[in-house]
Amino acid sequence: MAVVQANLKQLSPAARGRAFAWRWGPALATLLLVLVLWEVGVRLFHVAVYLLPPPSLIGARLLERGSFLLGIGLYTFEEALWGFIIGCSLGAAVAVLSVRWRWIAHGLLPFAVASNAVPIIALAPLVGIWFGSTTQGSKIVIVAIMTFFPTLLNTYRGLLSPAPEALELMHSYAATSTQSFLKLRVPAALPFLFNALKISATLSIIGAIVSEFFGGPLKALGVYITSQAGIGHYAEAWAAIVVACGLGMAFYLVIVVAERLVMPWNTTGES
Amino acid sequence: MQVQAPVIAINNLTKTYEGGAGQVVALANVSLQIGAGEFISLIGPSGCGKSTLMRLIGDLTQPSAGSIAVKGKTPTCARRDRDYGIVFQAPVLYDWRTVQRNVELPLEIMGQPRSERARRSAEMLKLVGLSEFEQAYPRQLSGGMQQRVAIARALVFAPSILLMDEPFGALDELTRERMQGELLEIWARTNATVIFVTHSIPEAVFLSDRVVVMSPRPGRIEAIIPIDLPRPRDTLTREDPHFFALATEVRERLRHS
């Protein structure tokens, strides 16, 4: 990616367009091919709509109910976003404390590591009982728990990532521990933090939608998907799934863009 | 060689580590006096304690016995007074800082104002020939250029002692020789005392006022060989018969170690 970008800067607009087409053309072609095969396959073999509706039908529902679907998408996204903000900031904050006071790390990190193997989403019905199964609060709590541990682990690793020599340089300048922390550990941890944010962006959308499967108002994406599928409106359910995919990708892309803006050194000079 | 009081006085220095198989003696009863502005190389096989000796001087590790006085102070005091500039084998630049901001780092830690930092870093980058790369990021530079930035960073606050741990060890032979020449030119403009750790015999002879030959198990000083080649030294120095004679002498002492 970076190589392509670096080269693009030196090209004429026409050549730049060609390079862009070569870079993204194959992906677009794959998408179109899959949609065409899907459509043709479903019609040719008379696949029942409840098994797999054709993309044209899903597209039609998407157009018809676009603003409604976007509305319920944003309702669910709100849960994902708040959970993400709470989980990631707590995770990063606890990582900072863990580096400062190692006993916190020793007390918490084994569980953070273990949580990778735990299906936190399985807690959703219980969290629903504690915080109200139809409220946004219970979904926010699930998402916050899901994003807390990966952010904690990655940020902690990032804060400990500087080479011993990099720390010795700070020592030789007689830097205070706050200076070493802010000017060395924190910037060194940024790539790790952004990796965590990218993982968490995806997790937060999954967490919000799946926890809505266990209860919530009809204006929630997860509830809408299960209820439409339950009453035989498969194309509607699929259209909602498309919206969910779009939200997930958009959220991920926002983090990627933020990463490039915050860490210009990470994307320049790889040519 | 030393008429004036030594800037670094090392007395009966011993350093032991607790290894897996009991105690490892990294350095045993080392004594050495280093004069102000002297260029000293520490050379020897792996495990002879040359890096340990440098690290002890720089307060990066603590001695088990014996003493070090740096300008009459303990190494810890000298470090707090910012007497040490350090260059490691790896450049250890901070990826997220431009070349200029890397060089400014020590000044920033020491609380120098922005204008002063910019002036001094520009001066140092000119000295190492990297003026036009001020705004580049480290990973955009070659290994040799990165090490020049590291040298500029080590010298930007004018420390009185420069500690270099195999700084050119990772560079190819041609770059290495060019960097040695440049280092001597830069050193000539400062009053810094240099402690230079190396594996390379020609490098030690070319650079130094004295070559300290060390031997392992336990780490100790085998010989101290004065290098009386005239300065300034250049490529012709490397072809001087006397240069070869001195290199041979260092080699012989290393073989006996």
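For region B:152-178, name all the residues that are away from chain A (no Cβ under 14 Å) and within 27 Å of B:P75 (Cβ to Cβ). Answer for region B:152-178, where residues must be away from chain A (no Cβ under 14 Å) and within 27 Å of B:P75 (Cβ to Cβ): just B:F168. Scan region A:59-73 and give yes if some residue there is modelled with pLDDT of 90 or more and either outside the structural domain of A:I255 (by TED's automatic domain parsing) or among the β-branched types (V, I, T) (or both), otherwise no. So far as region A:59-73 goes, yes, one or more of its residues are modelled with pLDDT of 90 or more and either outside the structural domain of A:I255 (by TED's automatic domain parsing) or among the β-branched types (V, I, T) (or both). Of the residues A:G73, A:G107, the single one that is within 25 Å of the chain's Cα centre (by Cα) and assigned to a helix (DSSP H, G or I) is A:G73. Looking at region A:149-157, is at least one residue in contact with a helix residue (DSSP H, G or I) (Cβ under 7 Å, 6 or more places away or on another chain), in a helix (DSSP H, G or I), farther than 24 Å from B:E104 by Cβ and within 14 Å of chain B (Cβ to nearest Cβ)? Taking every residue of region A:149-157 in turn, none turns out to be in contact with a helix residue (DSSP H, G or I) (Cβ under 7 Å, 6 or more places away or on another chain), in a helix (DSSP H, G or I), farther than 24 Å from B:E104 by Cβ and within 14 Å of chain B (Cβ to nearest Cβ). Picking from residues in region B:126-136 that are in a helix (DSSP H, G or I) and under 20 Å from A:P264 (Cβ atoms), the one that is farthest from the other protein chains (Cβ to nearest Cβ) is B:E132. For region B:105-125, taking the residues that are under 20 Å from A:V186 (Cβ atoms) and touching a residue at least 24 places away in the same chain (Cβ under 8 Å), the one that is farthest from the other protein chains (Cβ to nearest Cβ) is identified as B:L107. Checking the conditions here, which among A:A239, A:A258, A:A244 is more than 14 Å from chain B (Cβ to nearest Cβ) and surrounded by fewer than 18 Cβ atoms within 10 Å (Cβ to Cβ)? On inspection, the qualifying residue turns out to be A:A258. The sole residue among A:L153, A:L167, A:L160 that is over 30 Å from B:G85 (Cβ atoms) and hydrophobic (A, V, I, L, M, F, W, C) is A:L153. Among the residues making up region A:158-169, those that are more than 7 Å from chain B (Cβ to nearest Cβ) and more than 31 Å from the chain's Cα centre (by Cα) are A:P164, A:L167. Suppose the filter is of a type in the set (S, T, Y), surrounded by fewer than 19 Cβ atoms within 10 Å (Cβ to Cβ) and within 11 Å of chain B (Cβ to nearest Cβ); does A:T135 pass it? Answer is no for this residue.
On the stretch given as region A:114-141, residues that are within 13 Å of A:A208 (Cα to Cα) and of a type outside the set (A, V, I, L, M) total 9. Regarding A:G207, is this residue part of a helix (DSSP H, G or I), in contact with a Lys or Arg (Cβ under 8 Å, 6 or more places away or on another chain), more than 14 Å from chain B (Cβ to nearest Cβ) and among the small types (G, A, S)? Spelling it out, A:G207 is indeed part of a helix (DSSP H, G or I), in contact with a Lys or Arg (Cβ under 8 Å, 6 or more places away or on another chain), more than 14 Å from chain B (Cβ to nearest Cβ) and among the small types (G, A, S).
Conditions: (1) more than 10 Å from chain A (Cβ to nearest Cβ); (2) of a type in the set (D, E, K, R); (3) free of Cβ contacts under 8 Å to residues at least 60 places away in the same chain. B:R139 meets all but one. Number of the miss? Failed condition: (1). Residues that are farther than 25 Å from B:L56 by Cα and either surrounded by 15 or more Cβ atoms within 10 Å (Cβ to Cβ) or in contact with a Ser or Thr (Cβ under 9 Å, 6 or more places away or on another chain) (or both) within region B:218-230 comprise B:L229, B:P230, listed in sequence order.
Every residue in region B:202-217 that is surrounded by 16 or more Cβ atoms within 10 Å (Cβ to Cβ) and out of contact with any Leu (no Cβ under 7 Å at 6 or more places or on another chain), please. Listed by number, the residues that qualify are B:P202, B:E203, B:A204, B:F206, B:S208, B:D209, B:R210, B:V211, B:S215, B:P216.
For beta carbons closer than 6 Å, sequence separation of 6+ or different chains, a first residue in region A:104-117 that is outside the structural domain of A:L203 (by TED's automatic domain parsing) and a second that is modelled with pLDDT under 85 and assigned to a helix (DSSP H, G or I), there are no qualifying pairs. Scanning region B:82-104 for residues that are among the aliphatic types (A, V, I, L, M) and more than 7 Å from chain A (Cβ to nearest Cβ) yields a count of 4. Scanning region A:174-183 for residues that are part of a helix (DSSP H, G or I) and in contact with a helix residue (DSSP H, G or I) (Cβ under 6 Å, 6 or more places away or on another chain), we see that the one that is farthest from the other protein chains (Cβ to nearest Cβ) is A:S180. In region A:57-77, the residues that are in contact (Cβ under 8 Å) with a residue 24 or more places away in the chain reach residues that are assigned to a loop (DSSP other than H, G, I, E, B) and surrounded by 19 or more Cβ atoms within 10 Å (Cβ to Cβ) with C-beta atoms within less than 7 angstrom, at least six apart or across chains, in these pairs: A:I72/A:A220; A:Y75/A:A220; A:T76/A:A220.
The values are calculated or read from the model by the stated rules, or taken from the named source; none is laboratory data. Being a predicted model, the structure only gives us computed values, none of them experimental. Counting neighbours? That spans all protein chains shown, and the Cβs are built from the backbone with ideal geometry, glycine included.
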